[in-house]
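Everything below concerns the one structure shown next.
The values are calculated or read from the model by the stated rules, or taken from the named source; none is laboratory data. Just so you know, these numbers come straight off a predicted model, no measurement behind them. Cβ atoms come from the backbone with ideal geometry, glycine included; neighbour counts cover every protein chain shown.
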């Protein structure tokens, strides 16, 4: 059930596009139905959780690293899941009216559902590594949503900043989770929670805590990582309402709750967490007052409230933790409604600037009433939900276990009251500045009430504010109790949720906050001037951007230091280091000849001489490029001959074919390049390079010699003996390729395909003018396709294809196989291109080579997957003997199908590259 | 008897290879070298066949077959390059 629950949003994200395109359904309807069905399912299966049950689903994923696909639904997860899905449904409805027709496309809803699924997975994960996966996914989805209006630079910058900060925090959190998992010995949350004080007493605890808090602080916008959140307000308002008030920024808070039993309760926890929370609370509240942008005010107030919750968790007391969870609920409800109200105001009046927005009550009394109730809840006015949790907060700051002795135990209640004063002041500003305070100034539009259904989500949330505020015990208590119990992992202390606790200190603090806030707001004009005069404005955004910038600069500097863009220097350093390393490790070694060397015969001498001479000639004549190519051909041919001589016919054939293809390739490229390379190295450098080359050559010779004289017991004897019984073929080379090491071959073929696609992508559409005369100034010959050549190559094609088929079919038992057969076909077809020209050849060979490569890889992979169907590991092969008339008894191996995939991929790649290079030439008739 | 013939033939082919190489390295013209390379391919095919006959294995036939079939492709590509520059038009 939990799997179904978590997968519903993801399925929805996949469905939005096809449903919109094919079925012509509005994307908001699809998204809304998905979110609603998930919510209903959650309420249904979550019922036993209220009485303390914990639902678990588990499946192994990669047990070797402790990663399992397991989910858990307990009180805390239930609370967050309800927030995510409940507010999610409302946001979908709201976005339907908020976004323009163009924006509200499937893209938006797909991102929103993706985020919803990531968030749901995060709060329901039982496995810590799985949780990290979802954690990163929320960062990514948030990036996509913030940058949704990708044509504006604020959106792009805000998205990048958010990703940079939360992504970096995710990295720290991953480290914390890994260490924690190592200490506990399991990544399952149940085990971690059951480990008691194990982590807190470990000597790595401080490190874990710091890393953990970086993760939490970045996600939940805690000081000093808070700066990304205001910039994330570039997102469309439904996104801000959803991600940046109700859900994603609460992910860090969620973790504080989740790991509360494991990490909390130490002095370090208290100082770090409550310190972070306290500074965030004050800073956010202070800055919120000075924002002129409606959403900016809400963003900083969100930061401040998140700080409040963090502070409550930091206190480490059971009651503080209950208050924290209570405030999570309350804040999500009133802040989401406020964001939606701000969105309505923006939508209907065309601006969010509070200096222009005044007196809107006349124009939209309904919306104004809703927003005022929600803002009052934010200020902590009695009879609303914000009051209750704020009261608990004030109460908790008075009884601090760690500070009772200290001289400055008055600091926390004091700071709490100050933050309360500011909260009242900015809430007042939201109400008074926008809805009263004279007439609007230069509004782009005349404001009016929004469409009926746009207000419904706000109404629902505001009703919740009042419902919780007036009847807390009926509405929220069961949910709160089950969540708090899940956090504490022990019986809850008594706590009372009521509006009237008698005339006590928290009430006095509330009253002071109310009064102080009103006074502060009335003095706002003076305050704004004072604030503007503060000479330094710390911009976290600039700081982060310059950090990124300097990282790039550092990278470029290192790059400049190391990279001289000279191929010769690369190879010089590479060779020098290899020679040095080899010399160090081989110094003083002797190689006793334990095995006799094969006697030297005349063919080997001749072949070796030609090989050496060809290599040297290539190097000497490298400036005359055509000559160098010819010399290189000798080397290739001689290598093939030597392979054949030393009984490696498969290698010989491959080498021959690759040699031919390479000559064609080099010539194709050379046409566009200068034919002569000017001599460019001084004599000293030449001498230096030659010396290094000779030393390296001697080194390789020594190494080869030492290998040859060692009695080597390699794995080859195993392959030789197992080839027939295990793989059903007598050609060991081919059996290794398609069977024993089939997985390697699959990888290689895939790489081949990727390379081909890369080349196509690089030269696609590229046209280059070729030289008009050759390098000696002679005109080119007039005959493009000499008749003799065309005729011969046409004659050759059927023979070549027969040879190819022959090599392919017998490959399992005799030299040949899919790779060689593919090369034969590829070269034979390339020959047609050379002889008859691209246009004609393309007419005759009309298939898409790219698809050929893809088909080959798919067939090879499919063969591998096929063995799963029969319950064997990936790429297990099988074979059988079949007897047919005429042909006689022969053997069919499933590996042959795999080989067919290899064949197709090779043919496709050869043609893609060679024919692609051949099409580069810009000719007059095509211009 | 056969082994003697094969030995003689191989020596002769070896000499042929060396002579090919001489033309290859000497030139003087690119055409000379390309022709020499072509001949080198043909001689190689012959050498492989002979060697296969000598040690009595048929595996080598395929390699010689490939040289016979495609040995001229390099030659042709090089010649086309000399003539037209652009080998796939």
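Kindly indicate whether any position in segment A:36-50 is buried (at least 17 other Cβ atoms within 10 Å of the Cβ) and within 26 Å of the chain's Cα centre (by Cα). Yes, segment A:36-50 has at least one match. Does residue A:855 qualify as being more than 11 Å from chain B (Cβ to nearest Cβ), part of a helix (DSSP H, G or I), surrounded by fewer than 19 Cβ atoms within 10 Å (Cβ to Cβ) and at pLDDT 75 or above? Criteria met by residue A:855.
Would you check if there is a residue in segment A:690-699 being within 12 Å of chain B (Cβ to nearest Cβ), in contact (Cβ under 8 Å) with a residue 24 or more places away in the chain and out of contact with any strand residue (DSSP E or B) (no Cβ under 8 Å at 6 or more places or on another chain)? Please lay out each step first, then the result.
Narrowing segment A:690-699 to residues within 12 Å of chain B (Cβ to nearest Cβ): none.
No, that holds for no residue.
Does residue A:571 satisfy being assigned to a helix (DSSP H, G or I) and surrounded by 12 or more Cβ atoms within 10 Å (Cβ to Cβ)? Considered against the rule, which asks whether it is assigned to a helix (DSSP H, G or I) and surrounded by 12 or more Cβ atoms within 10 Å (Cβ to Cβ), residue A:571 comes out as yes. Hey, any hits in segment A:767-780 for a residue that's at the interface with chain B (Cβ under 8 Å from one of its Cβ atoms), closer than 23 Å to residue A:840 by Cβ and assigned to a loop (DSSP other than H, G, I, E, B)? Looking for residues that are at the interface with chain B (Cβ under 8 Å from one of its Cβ atoms), closer than 23 Å to residue A:840 by Cβ and assigned to a loop (DSSP other than H, G, I, E, B), one finds at least one in segment A:767-780, hence yes. Within segment A:635-653, residues that are within 7 Å of chain B (Cβ to nearest Cβ) have Cβ atoms under 9 Å from residues that are assigned to a loop (DSSP other than H, G, I, E, B) and crowded, with 24+ Cβ neighbours inside 10 Å in these pairs: A:649/A:815; A:649/A:816; A:652/A:815; A:653/A:815; A:653/A:816, counting only partners at least 6 apart in sequence or on another chain. The residues of segment A:599-631 that are over 30 Å from residue A:678 (Cβ atoms) and under 53 Å from the mean Cα position of the chain (by Cα) amount to a single one, A:608. Of all residue pairs spaced 6 or more apart or on separate chains, none has beta-carbon atoms under 6 Å together with a first member in segment A:656-667 that is facing chain B (nearest Cβ under 7 Å) and within 21 Å of residue A:919 (Cα to Cα) and a second member that is outside any helix (DSSP H, G or I) and at pLDDT 90 or above.
Checking the stated criteria, residue A:599 turns out to be more than 14 Å from chain B (Cβ to nearest Cβ) and either closer than 29 Å to residue B:17 by Cβ or touching a strand residue (DSSP E or B) at 6+ places or on another chain (Cβ under 6 Å) (or both). Of the set (1) crowded, with 20+ Cβ neighbours inside 10 Å; (2) in a loop (DSSP other than H, G, I, E, B), all apply to residue A:180 but (2).
One line per residue, one yes/no per condition, for (1) crowded, with 24+ Cβ neighbours inside 10 Å; (2) farther than 22 Å from residue A:387 by Cβ:
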| site | (1), (2) |
| --- | --- |
| A:238 | yes, yes |
| A:243 | yes, yes |
| A:247 | yes, yes |
| A:250 | yes, no |
| A:270 | no, yes |
| A:287 | no, yes |
| A:303 | yes, no |
| A:308 | yes, no |
| A:312 | yes, no |
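Looking across segment A:668-682 at every residue that is surrounded by fewer than 19 Cβ atoms within 10 Å (Cβ to Cβ) and in a helix (DSSP H, G or I), the one that is nearest to the other protein chains (Cβ to nearest Cβ) is identified as A:670.
Limited to segment A:210-223, what total is found for residues that are surrounded by fewer than 24 Cβ atoms within 10 Å (Cβ to Cβ) and within 12 Å of residue A:307 (Cβ to Cβ)?
Matching residues across segment A:210-223 total 1.
Taken over segment A:796-847, the criterion of being outside any helix (DSSP H, G or I) and facing chain B (nearest Cβ under 7 Å) is satisfied by A:814, A:815, A:816, A:837. Each residue in segment A:602-615 was checked for being within 10 Å of chain B (Cβ to nearest Cβ) and surrounded by fewer than 20 Cβ atoms within 10 Å (Cβ to Cβ), and 5 pass. Would you be able to say whether some residue in segment A:104-125 is over 18 Å from the mean Cα position of the chain (by Cα), buried (at least 23 other Cβ atoms within 10 Å of the Cβ) and either more than 18 Å from residue A:70 (Cβ to Cβ) or modelled with pLDDT under 90 (or both)? Yes, segment A:104-125 has at least one match. Here residue A:287 fulfils each of the conditions (1) in a helix (DSSP H, G or I); (2) in contact (Cβ under 8 Å) with a residue 24 or more places away in the chain apart from (2). When A:808, A:819, A:799 are screened for being modelled with pLDDT of 85 or more, over 23 Å from residue A:757 (Cβ atoms) and within 47 Å of the chain's Cα centre (by Cα), only A:808 passes. Filtered by the rule that a residue be touching a residue at least 40 places away in the same chain (Cβ under 8 Å) and within 10 Å of residue A:169 (Cα to Cα), segment A:206-219 gives A:212, A:213, A:214, A:215, A:216, A:217, A:218, A:219. The sole residue among B:13, B:18, B:37 that is under 18 Å from residue B:76 (Cβ atoms) and in contact with a helix residue (DSSP H, G or I) (Cβ under 7 Å, 6 or more places away or on another chain) is B:37.
Can you pull out every residue in segment A:700-747 that is crowded, with 17+ Cβ neighbours inside 10 Å and free of Cβ contacts under 8 Å to residues at least 60 places away in the same chain?
Taking segment A:700-747 first, the residues crowded, with 17+ Cβ neighbours inside 10 Å are A:719, A:723, A:727-729, A:731-740, A:742, A:745-746.
Passing the criteria: A:719, A:723, A:732, A:736, A:740.
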